[in-house]
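As structure tokens, the structure follows; a few thoughts come after it.
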């Protein structure tokens with residue numbers, strides 16, 4: 001693999017492998033985090049092995065949600081939190097090794113409810129299922145269009161003041177939704193969680209990354225491999241919806257760096273100056289370990305702009 005030239009030199013490596021801060025409480029995350037959407041194992045020992053693989057690969061931030069378990073073979077609402085809570089309960093000391101993040105605000109069939117009573121109940125139920133005293137990062141999963149942001153902010157501030165959560169984040173929000181909630185919060189937002197990948201570039205264009213750069217907010221990028229569509233493992237069993245030119249550019253860079261396509265796709269997510277955290281959702285210990293190679297490859301501006309142009313199907317002006 002190519003050796004990194006001095007910072008600022010032509011062709012400098014943009015892939016940033018440094019730790020990222022999570023809010024102002026001293027919590028940090030590595031460049032990769034472990035996502036629990038598919039953490040639906042029937043065997044607690046299997047679940048522990050997967051979590052151990054993630055932590056062993058430097059994925060200290062573990063991201064889950066109360067709604068995880070309703071799909072992907074789960075046993076129902078709250079099932080993933082319950083399984084993670086069982087792993088933590090049966091493994092004393094494991095809790096201190098991770099930054100525990102969860103989300104609330106989705107409760108089918110409503111579908112979204114961030115009213116004061118509902119959001120408080122969701123957070124307290126997550127605490128019980130996870131069997132912990134405090135959640136390190138509590139995120140509103142999707143915006144409730146009928147909740148006043150002042151009431152949402154008051155509830156989150158109260159949960160923080162009560163010691164039930166440490167930091168507050170948002171997921172799947174517009175820049176305007178981010179701004180209006182932030183205006184009412186006493187404690188500043190620590191994170192935002194948008195979809196971002198080489199196949200989904202919206203945060204580059206819609207102001208999300210610009211706002212996070214300005215305010216020092218950490219980006220947690222979900223679906224950094226486009227739900228498997230960048231690797232041929234998408235819901236349709238292939239690369240549906242992804243431009244062949246993008247796959248060709250990723251493959252060319254993978255060949256140059258001696259890695260696979262998914263490694264280059266993850267490295268691209270890590271290359272933006274907002275320093276995103278890429279959430280890896282694989283449940284294979286081997287693939288989890290392989291994901292760390294993304295921090296070791298070289299992508300410069302030329303490489304990243306080639307990816308963008310191939311993704312969007314147009315030359316930049």
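Between residue 125 and residue 18, what is the label-point separation in nm under the 7 Å Cα-to-beta-carbon projection?
4.1
Which angle between 0 and 90 degrees, to the nearest 10, do you get for helix 244-257 versus the longest principal axis of the chain when only C-alpha atoms count?
80
By how many nm would the segment from residue 286 to residue 256 grow when fully extended, if each residue of separation counts as 0.36 nm and the alpha-carbon distance is taken off?
Taking 0.36 nm per residue and subtracting the Cα distance, the gain is 8.6 nm.
Which residues in the range 146-178 have a backbone N closer than 16 Å to a point placed 7 Å from the Cα of residue 71 along the Cα-to-Cβ line?
Output list for this probe position: 172.
At 7 Å along the Cα-to-beta-carbon direction for both residue 94 and residue 316, put a label point, then send me their distance in nm to one decimal.
Going by the 7 Å Cα→Cβ label model, 4.3 nm.
Expressed as an acute angle from 0 to 90° and rounded to the nearest 10, what is the orientation of the C-alpha long axis of helix 116-130 relative to the principal long axis of the chain?
Around 80 degrees separate the two axes.
Would you work out the relative contact order for the range 20-312, in percent, from Cα pairs under 8 angstrom that are 6 or more residues apart?
So the answer I get is 18 percent.
Of all beta bridges DSSP finds with both residues in the chain, what is the antiparallel percent, to the nearest 5?
So the antiparallel bridges in the chain amount to around 15 percent.
D for the range 36-107, whole µm²/s, Stokes-Einstein with Kirkwood Rh over alpha-carbon pairs at 25 °C and 0.890 mPa s: what number?
This corresponds to a translational diffusion coefficient of 201 µm²/s.
7 Å from Cα along Cα→Cβ at both residue 38 and residue 202: what's the point-to-point distance in nm?
Going by the 7 Å Cα→Cβ label model, 2.2 nm.
Specify the angular offset, from 0 to 90 degrees and rounded to the nearest 10, of the alpha carbon long axis of helix 301-312 from the longest principal axis of the alpha carbons in the chain.
The two axes meet at around 70 degrees.
Sort the following peptides by mean Cβ neighbour count (other Cβ atoms within 10 Å, averaged over residues), highest first: 97-104, 152-159.
Per-residue mean Cβ counts within 10 Å order the peptides as 97-104, 152-159.
Values in this text are rule-based calculations from the coordinates and carry no lab data. Predicted, not measured: the structure shown is a model, and the values here were computed from it. Glycine gets a Cβ as well: all are built from the backbone with ideal geometry, and neighbour counts include every protein chain shown.
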